[in-house]
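A.B. asks: This is the structure, below, for whatever I ask next.
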Amino acid sequence: MSIGFSVITFLLGLGICLVLMPPFIKLMVKYKVLDKAGGRKIHTGYTAHMGGIIIFLSFALSVVAMSFTYVEQTNITRMIFMGIILAFMLFLGARDDMHNLSPWSKLFFEILVGIFMSYIGVRIENLNGFLGIYQVPMILSYGFTVCFFIVVVNAYNLIDGIDGQAGMQAVNVFFFCFLFYLLMVGQGVINHNIATPTFMYVCSLAILGSLAGFLRFNWQKASIFMGDTGSLFLGTLITIFIIVSSRYAFLGNQYDLVHNSSAHTLFGLRLKATLSPFLFLFYLPLADTLRVFINRARRHKSPFSADKTHIHHMFIRLGYSHQRCTLTTFFISFFISIAGFILAFLFNDNVCIPIIIVSWFAYVMLLHRFVVKKLRGGGNINTNL
């Protein structure tokens, strides 16, 4: 794709969001669609929310507007199905923002969406050689996909706790996916049954532009939150990108081996791992959610119960501003993502995935050593962390 096409796609998402967001904020304030401080929420006063609606509109309009240049390469039916999934999760999030759905109600609908995703082809159907496993049986494919979808969506939802943080974590994922598809576009790889590399490339640029526009209004002090409206939609899009991208990484390697090609290499290096690098992109939300859920289980509490034990809550109690906390967690994710891709060029998934598992224990230990102990020493955190 040309530089001009890429810049226009990004700027379209950015521009639409910048234009639509101010009147949307006024509309939310006028009709008192506001998020009230208190409980586990650490903002003050009342803040407009459901900003995810504008992120979605900016993203969707940008993708549709730019589709005329590549529409002949794309399976339109699959694109429509993907749009339906994202729109449904947006609606589910809006319903939750307005009337607080129970965790079990959301879980029920997430299971249905996960099944539908699997049905249209966005599923974990191949482990790409991890533990010697390639194609997996259909029933396991559906099960793996539904479970993975639920974990990612809820991990992303839970990381949305302070100004800018959810947006920046999404930027980290989509930025590296953009770089990946920049390498993949036009290189002769077999197309995944949900979308071409070109379509995924356009989607990554459109959502990056939309997120950049949203962060203009969500930075400390935020004038609007994305709400569950945004976090459920973006968590779904992240899931799609991780599943489809890992498959393309594997297909690119297979294409090069069959055709004796180096089309999908970077500086002559080929990704040896094709699952783990995309898991590294979302490492921090996944690792922190697992830590929090285990702590809640140890205290005989529901994993869906609200508390203030996430990493961003700890940083805030250390005296970090929302801005400093957001940038800290972003750069942690950014450098983990770089490390993940470096490892993927050196080792296969049989090495990289155990590294992800071991690194979670390191993450918990480091957090305890440098954050939890300091907070306990100051007497401003409970001993259940």
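A.B. asks: Which one of the conditions (1) in contact (Cβ under 8 Å) with a residue 60 or more places away in the chain; (2) surrounded by fewer than 18 Cβ atoms within 10 Å (Cβ to Cβ); (3) assigned to a helix (DSSP H, G or I) does ASP307 fail to meet, given that it meets all the rest?
C.D. replies: Result: ASP307 fails condition (3) only.
A.B. asks: Go through (1) surrounded by fewer than 22 Cβ atoms within 10 Å (Cβ to Cβ); (2) within 22 Å of PHE280 (Cβ to Cβ); (3) touching a residue at least 60 places away in the same chain (Cβ under 8 Å) and name the single condition VAL173 misses.
C.D. replies: (1)
A.B. asks: One residue is enough: does region 111-128 have a residue meeting the conditions small (Gly, Ala, Ser), free of Cβ contacts under 8 Å to residues at least 40 places away in the same chain and in a helix (DSSP H, G or I)?
C.D. replies: There is at least one residue in region 111-128 that is small (Gly, Ala, Ser), free of Cβ contacts under 8 Å to residues at least 40 places away in the same chain and in a helix (DSSP H, G or I).
A.B. asks: Before we move on, is SER141 more than 20 Å from the chain's Cα centre (by Cα) and either within 30 Å of ILE316 (Cα to Cα) or touching a residue at least 12 places away in the same chain (Cβ under 8 Å) (or both)?
C.D. replies: Yes; evaluated as a whole, the condition is true for this residue.
A.B. asks: Step by step: first the residues of region 348-380, then only those that are surrounded by 13 or more Cβ atoms within 10 Å (Cβ to Cβ) and in contact with a Lys or Arg (Cβ under 6 Å, 6 or more places away or on another chain), then the one that is modelled with the lowest pLDDT. Which residue is that?
C.D. replies: Step by step, filter region 348-380, then rank; the result is LEU375.
A.B. asks: Which pairs do you get when a residue that is over 13 Å from LEU343 (Cα atoms), found in region 260-286, comes within reach of a residue that is aromatic (Phe, Trp, Tyr), reach meaning Cβ atoms under 7 angstrom, with the pair 6+ apart or on two chains?
C.D. replies: Filtered contacts from region 260-286: SER261/TYR255; HIS264/TYR255; PRO285/TYR156.
A.B. asks: With LEU251, LEU232, LEU275 as the choices, which residue is surrounded by 24 or more Cβ atoms within 10 Å (Cβ to Cβ) and closer than 20 Å to PHE178 by Cα?
C.D. replies: LEU275
A.B. asks: Which residue, of VAL29, VAL19, VAL63, is under 22 Å from ILE238 (Cα atoms) and either at pLDDT below 90 or assigned to a helix (DSSP H, G or I) (or both)?
C.D. replies: VAL63
A.B. asks: If you check every pair at least six apart or on different chains, which have Cβ atoms under 8 Å apart with a residue in region 75-95 that is within 12 Å of VAL113 (Cβ to Cβ) first and a residue that is acidic (Asp, Glu) and assigned to a helix (DSSP H, G or I) second?
C.D. replies: Filtered contacts from region 75-95: LEU92/ASP228; GLY93/ASP228.
A.B. asks: If you don't mind, there's one more thing I want to ask. Might you let me know whether region 83-97 holds any residue that is modelled with pLDDT under 90 and surrounded by fewer than 14 Cβ atoms within 10 Å (Cβ to Cβ)?
C.D. replies: For region 83-97, residues modelled with pLDDT under 90 and surrounded by fewer than 14 Cβ atoms within 10 Å (Cβ to Cβ): absent.
The values are calculated or read from the model by the stated rules, or taken from the named source; none is laboratory data. Quick caveat: nothing in here was measured; it's all calculated off a predicted structure. Every residue, glycine as well, gets a Cβ built from its backbone with ideal geometry; the counts of neighbours run over all protein chains shown.
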